[in-house]
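Notes follow the structure.
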Amino acid sequence: MSETVVVAGATGYVGRHVVAAVHERGHRVRALVRSRERAEADGAFGAPGLHGLVDEWRIVDYGRPRSISDVCEGADRVVSALGVTRQKASPWDVDFLGNLRVLEDAEQHGLASFAYVNVVHSDSGTSLTMRSKHAFSEVLRRGAVAPQLINPSGYFSDVSDFLRLAQRGIGFMLGDGSARLTPCTARTSRTSSSTA
Ligand SMILES: NC(=O)c1ccc[n+]([C@@H]2O[C@H](COP(=O)([O-])OP(=O)(O)OC[C@H]3O[C@@H](n4cnc5c(N)ncnc54)[C@H](OP(=O)(O)O)[C@@H]3O)[C@@H](O)[C@H]2O)c1
C-alpha cells in the first residue's frame, strides 16, 4: 500500500538517495527543504536531483518552529537525514532541535515511525555534533512514534577526499600500518516491530 513519507534533510547526500528510494518503491514523498530550486538540481557526489521524485514540497526553516507546524499532517512515516555536516550552523540547533520539532509534529499527528540517520558511537562522542545526535536519539527512543535508528560508521563524502589524496600518492595509516578499517558497515537498531 502506498504511504506518504516525510523526508527531512531531503537536499543532503543521504536525503536525496532516500527520496529516490521511497519514490521508486511507489510511495508519496513530502520533502522538507530550504530551497526547492536547489533540491531539484543535482546534488554533490553524484546524488540525484529531486525533480519529478517529490509529490509535496514544504519550505522549512528549522529555526522557526511555525514553519515546521503540520509538516506531518496526513503522512505515515518520517525519515530524517537532517544534520549539520558542512553547513555553518550549530548541530544543537539542527541535529537536536530541528529533528525534535519534526518529531513533535509527527507525534501530534500520530505517525507510525520515525527513522533517523544518527552516527555510530554517538553515545560516547564528545563533540557537539555527537552529543546533539545522541540527545535526539535518546528523545526519539522514548517518544510516542516508533523509533528507527540508523548508525552509519563514517562520512562517505569525507572518504572521497581521502581517495583523491590517494590518487595523488598521499595516504594515511593508523599506528604501524597493520590496522585495517572500513567505513562500509552501519549498525541499525530498531526498537519496535514497525518497518518502513
Ligand atoms: N554521509 C555519511 O556518510 C554519514 C555518515 C554518518 C552519519 N551521517 C549523518 O547523516 C545525516 C545526513 O548526512 P549527509 O551526508 O546527507 O549530510 P548533508 O549532505 O550535509 O545533508 C544534511 C541535510 O541537513 C540539512 N541541513 C543542515 N544544516 C541545516 C540548517 N542549518 N538548516 C536547514 N537544513 C540544514 C541540509 O540542508 P541544505 O541542503 O539546505 O544545507 C541537508 O538537507 C547527517 O546528520 C550526518 O551526520 C552521514
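Read the figures in this text as sums done on the coordinates, not as results from a lab. Since the model is a prediction, treat every value here as computed from it, not as a measurement. Virtual Cβ from ideal backbone geometry, glycine too; neighbours counted across all protein chains shown.
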* **Angle between the chain longest axis and helix 128-142 axis [Cα atoms, degrees, rounded to 10]** => 40
* To do: Just rank Ile68, Ile150, fewest to most, by other beta-carbon atoms within 10 angstrom.
  => Ile150, Ile68
* Most exposed first by the Cβ proxy, i.e. fewest other Cβ within 10 Å, how do Phe162, Phe114 rank? -> Phe162, Phe114
* Once the Cα atoms of helix 13-24 and of the chain are each reduced to a long axis, what angle between those two axes, in degrees from 0 to 90 to the nearest 10, is obtained? -> 50
* To do: Quick one: plug the Kirkwood hydrodynamic radius of the chain (C-alpha pairs) into Stokes-Einstein at 25 °C, 0.890 mPa s, and report D in µm²/s.
  => 140
* Asked: Normalised by the number of residues in segment 49-128, what is the relative contact order in percent for Cα pairs under 8 Å and 6+ residues apart?
  -> 34
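By the gyration tensor of its Cα atoms, with a ≥ b ≥ c the square roots of the eigenvalues, what is the shape of segment 6-98: rounded for a/c under 1.5, prolate for a/b over b/c, or oblate?
oblate
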* Could you check which residue among Ser160, Ser178, Ser67 shows the biggest mean-square fluctuation in a GNM of the chain with a 10 Å Cα cutoff? => Ser178
* To do: Enter the per residue convex hull volume of segment 86-181, computed from alpha-carbon coordinates, in Å³ rounded to the nearest integer.
  => 127
* Asked: If you rank Leu32, Leu140 by fewest surrounding Cβ atoms within 10 Å, what's the result?
  -> Leu140, Leu32
* To do: Within 10 Å, count the other beta carbons around each residue, average over each peptide in 77-89, 33-45, and list them highest first.
  => 77-89, 33-45
* Report the relative contact order of the chain, percent, no decimals, based on alpha-carbon pairs under 8 angstrom and at least 6 residues apart. => 17
* Calculate one ³J(HN,Hα) per residue across segment 107-117 by plugging θ = phi - 60° into the Karplus curve 6.51 cos²θ - 1.76 cosθ + 1.60, and present them in order as whole Hz with x for glycine and proline. => 5, 4, 9, x, 6, 7, 7, 9, 9, 10, 7
* To do: Given the options Pro147, Pro65, Pro48, state which has the largest fluctuation in a GNM of the chain using a 10 Å cut-off (strictly under) for Cα springs.
  => Pro65
* Structure fact -> GNM of the chain, Cα pairs under 10 angstrom: of Val119, Val102, Val14, the biggest fluctuation goes to Val14
